[in-house]
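Shown below is the structure under consideration.
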Amino acid sequence: MQKRKRVLITGGSGFLGSHLCERYIAEGYEVFCLDNLSTGREENVAHLFRDGNFVFIKYDVTNYLHIAGDLDLILHFASPASPIDYLEMPIQTLKVGSLGTHKALGLAKAKNARFLLASTSEVYGDPLIHPQQEEYWGNVNPIGFRGVYDEAKRFAEAMVMAYHRFHNLDTRIVRIFNTYGPRMRLDDGRALPTFMGQALRGEDITIFGDGLQTRSFCYVDDLVEGIFRLSQSDYTNPVNIGNPAEITILEFANEILKLTGSKSRLAFKELPTDDPKVRQPDITKAKEILGWEPKVGRSEGLQKTYDFFRSRM
C-alpha cells in the first residue's frame with residue numbers, strides 16, 4: 001500500500017487555508033493544519049476533526065517549528081490578509097512574512113519538502129502597468145500603512161528565492177488576486193464581505209473614493225484548483241492566480257445591491273492612502289504552464305457567497 005503524502009498548511013484555519021485543507025485531504029494527503037487563530041477560525045476546519053488524516057495544531061509559525069516524521073509539501077498561508085487585520089496587527093504581519101517564512105522554509109529544508117508561498121497581487125502595489133504580469137516589479141510605498149503587508153510578502157518572495165537558489169530547495173510562489181467565497185469573515189474589511197454585510201443589515205454601502213478603482217474577483221474553488229496545480233508543477237517563478245474579469249468597485253456595489261435586493265444607499269468616503277487604482281491579473285503563465293483558468297462566473301460565485309453569509313446572519 002502506498003504511503004500517504006503529508007502536507008503542512010500554515011494559516012490552515014483561515015478562509016483560504018481551510019479550503020486547501022479540504023482539497024489536499026480529498027487528494028489523499030495527510031494534512032497538518034497549523035494556525036495561531038489570530039485571524040483564522042477553528043470553526044472553518046471543525047468538520048475535518050473527525051477525519052483521521054487531519055491534524056489541527058494551534059501554534060505561531062514565527063516560533064521554532066517542528067513536525068514529527070516526513071513532510072512532502074509545505075503551503076505557507078499564515079498571514080493577516082485584509083487591511084483591517086494587518087493595520088491592527090502591523091508588527092505581527094511583518095513577523096509572519098519574515099520570521100514565519102524563514103521558520104517554514106527551514107522546516108522544508110530539514111524535511112526535503114516542496115515549499116509553496118502564498119504571495120499576493122499586493123506586491124504590485126498601485127501598479128503603473130495594466131494588467132499585471134509576473135515580470136512587473138511593482139509600485140509599493142514601503143513606509144505607508146499598507147507597506148506592512150506589501151513588503152512582508154515581497155520579503156517573503158525574496159526569502160523563498162534565496163532558499164531555492166542557495167539551498168536548492170524545491171519552491172513555488174503563487175501571487176493571489178482578490179479571492180472570495182464561503183468562510184470569509186463579514187468583518188474582515190474587504191470590499192465583498194463589507195458590501196454584503198452592509199446590504200444584509202440595510203446599512204449604507206461604503207464606497208471609497210469615486211468607486212472607479214477596479215478589482216478582479218476570483219471564486220475560491222478556482223483559486224484552490226490553481227494552487228493545487230502549481231504545487232504539482234515544476235515551475236519555480238511566481239505565477240498569478242486570479243480571475244481577469246475586471247470590474248469597478250461602483251459596479252460591484254451595484255451587483256451586490258441587485259443580488260441581495262437591499263434598499264441600502266451608496267455612501268462615498270475618502271480613498272485610503274496607497275489604495276490601488278487598478279487590479280487585474282495577466283494569467284498567461286497559469287494558462288500555459290498549469291493549463292488553468294477560472295471556471296466560476298461572478299454571478300454564480302456571488303450567489304454561493306451570499307447564501308453562506310445569509311445563513312450566518
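For the stretch 101-164, calculate the relative contact order in percent as a whole number, restricting contacts to Cα pairs under 8 Å that are 6 or more residues apart. Kindly include the intermediate steps, with their values, before the conclusion.
On the way: 53 pairs, mean separation 22.7, N = 64.
That works out to 36 percent.
Can you sort 221, 187 from fewest to most other Cβ atoms within 10 Å of each residue's own Cβ?
Details: 221 18, 187 11.
The most exposed by this proxy come first: 187, 221.
If you count, for each residue, the other Cβ atoms within 10 Å and average over each peptide, how do 7-13, 72-78 line up from highest to lowest? Before the final figure, lay out the partial values.
Numbers: 7-13: 27.9, 72-78: 25.3.
Result, highest mean Cβ count within 10 Å first: 7-13, 72-78.
Please identify the longest segment of the chain free of exposed GluC sites (Glu not before Pro), where exposed means a DSSP state other than H, G, I, E or B and no more than 15 other Cβ atoms within 10 Å. Walk me through the numbers before you get to the answer.
Values: sites that count: 27, 135, 203, 270.
By the stated rule (loop sites, at most 15 other Cβ atoms within 10 Å), 28-134.
Let me ask something additional. Against the 2.2 N^0.38 Å scaling, with N counting residues, where does the stretch 172-245 land? I'd like the Cα-based Rg ratio to two decimal places.
Working: Rg = 15.1 Å, N = 74, 2.2 N^0.38 = 11.3 Å.
Relative to the rule-of-thumb radius for its length, the stretch 172-245 sits at 1.34.
How many nm is it between the label spots at residue 43 and residue 27, if each spot is 7 Å from the Cα in line with the beta carbon?
Between residue 43 and residue 27, the simple spin-label model gives 2.9 nm.
Modelled label-to-label distance, residue 53 and residue 267, 7 Å Cα→beta-carbon offset: nm?
The modelled label-to-label distance comes out at 4.8 nm.
Which shape class applies to the stretch 151-281: rounded if a/c is under 1.5, otherwise prolate when a/b exceeds b/c and oblate if not, where a ≥ b ≥ c are the square roots of the Cα gyration tensor eigenvalues? Before the final figure, lay out the partial values.
Working: a/c = 2.84, a/b = 2.12, b/c = 1.34.
Prolate shape, in that a/c is at least 1.5 and a/b is the bigger ratio.
To continue, here is another question. If one computes P(r) from the Cα atoms of the stretch 1-154, what percent of pairs lie at distances over 19 Å? It would help to have the intermediate numbers written out before the result.
Numbers: 6435 of 11781 pairs.
When every Cα pair of the stretch 1-154 is considered, 55 percent fall beyond 19 Å.
For residue 148, what charge total do you get from the other residues with a beta carbon under 14 Å from its beta carbon, if Lys and Arg give +1 and Asp and Glu give -1?
On the way: positive: 95, 146, 153, 154; negative: 85, 88, 122, 150, 151, 274.
With Lys, Arg at +1 and Asp, Glu at -1, the net is -2.
Pairs of lysines 8 or more apart, or on different chains, with alpha carbons under 28 Å: count those in the stretch 200-297, would you?
Taking the stretch 200-297 as the scope, the lysine pair count is 10.
Based on the alpha-carbon gyration tensor of the chain and its eigenvalue square roots a ≥ b ≥ c, which shape applies: rounded if a/c is under 1.5, prolate if not and a/b is larger than b/c, or oblate? Don't skip to the end; give the middle numbers.
Values: a/c = 1.68, a/b = 1.40, b/c = 1.20.
Prolate is the answer for the chain, as a/c is 1.5 or above and a/b outweighs b/c.
Also: Can you pull the semi-axes for the stretch 14-98, root of five times each eigenvalue of the Cα gyration tensor, sorted largest first, whole Å? Numbers along the way, then the final one.
Details: eigenvalues 108, 45, 22 Å².
Output for the stretch 14-98: semi-axes of 23, 15, 11 Å.
Another one. Does the stretch 202-260 come out rounded, prolate or oblate by the C-alpha gyration tensor, with a ≥ b ≥ c the root eigenvalues, rounded set by a/c under 1.5 and, if not, prolate when a/b is larger than b/c and oblate if not? Each step should come with its number before you reach the end.
Numbers: a/c = 3.92, a/b = 2.37, b/c = 1.65.
Judged from the Cα gyration tensor, the stretch 202-260 comes out prolate (a/c at least 1.5, a/b above b/c).
Do any trypsin sites (Lys or Arg not before Pro) in the stretch 126-233 lie in a DSSP loop with no more than 14 other beta carbon atoms within 10 Å, and if so, which?
Working: sites: 146, 153, 154, 165, 172, 175, 183, 185, 190, 201, 215, 229; in loops: 146, 183, 185, 190.
Answer by residue number: there is no such site.
Follow-up question, since we're still on this one. Expected output is a single nm value to one decimal: the length gained when fully extending between residue 236 and residue 84, i.e. 0.36 nm times separation in residues minus the C-alpha distance. What is it? Present the calculation step by step, with values, prior to reporting the outcome.
Numbers: separation 152, 0.36 × 152 = 54.72 nm, distance 3.15 nm.
Gain on stretching residue 236 to residue 84: 51.6 nm.
Among the aspartates and glutamates, select those whose C-alpha is under 19 Å from the C-alpha of residue 95, and discard any that sit fewer than 8 residues away in the same chain.
Excluding near neighbours in sequence, the set is 35, 60, 85, 122, 150, 151, 157.
Still on this model: So, R0 is 35 Å and r is the distance between the beta-carbons of residue 168 and residue 308; what FRET efficiency does that work out to, to 0.05?
Details: r = 43 Å, r/R0 = 1.22.
Approximately 0.25, to the nearest 0.05.
Karplus couplings for the stretch 10-26 from phi (6.51 cos²θ - 1.76 cosθ + 1.60, θ = phi - 60°), rounded to Hz, Gly and Pro as x?
7, x, x, 9, x, 3, 6, x, 5, 5, 5, 4, 4, 5, 6, 5, 4
I've got another one for you. Between the stretch 1-40 and the stretch 232-296, how many Å separate their Cα centres?
A separation of 25 Å, based on Cα centres.
What relative contact order, as a whole-number percentage, does the chain give when Cα pairs under 8 Å and 6 or more residues apart are counted? Could you put the intermediate results ahead of the total?
Details: 624 pairs, mean separation 52.9, N = 313.
That works out to 17 percent.
Read the figures in this text as sums done on the coordinates, not as results from a lab. Predicted model, so just to flag it, every value in this text is computed and none were measured. Cβ sites come from the backbone with ideal geometry, for glycine too, and all protein chains shown count toward neighbours.
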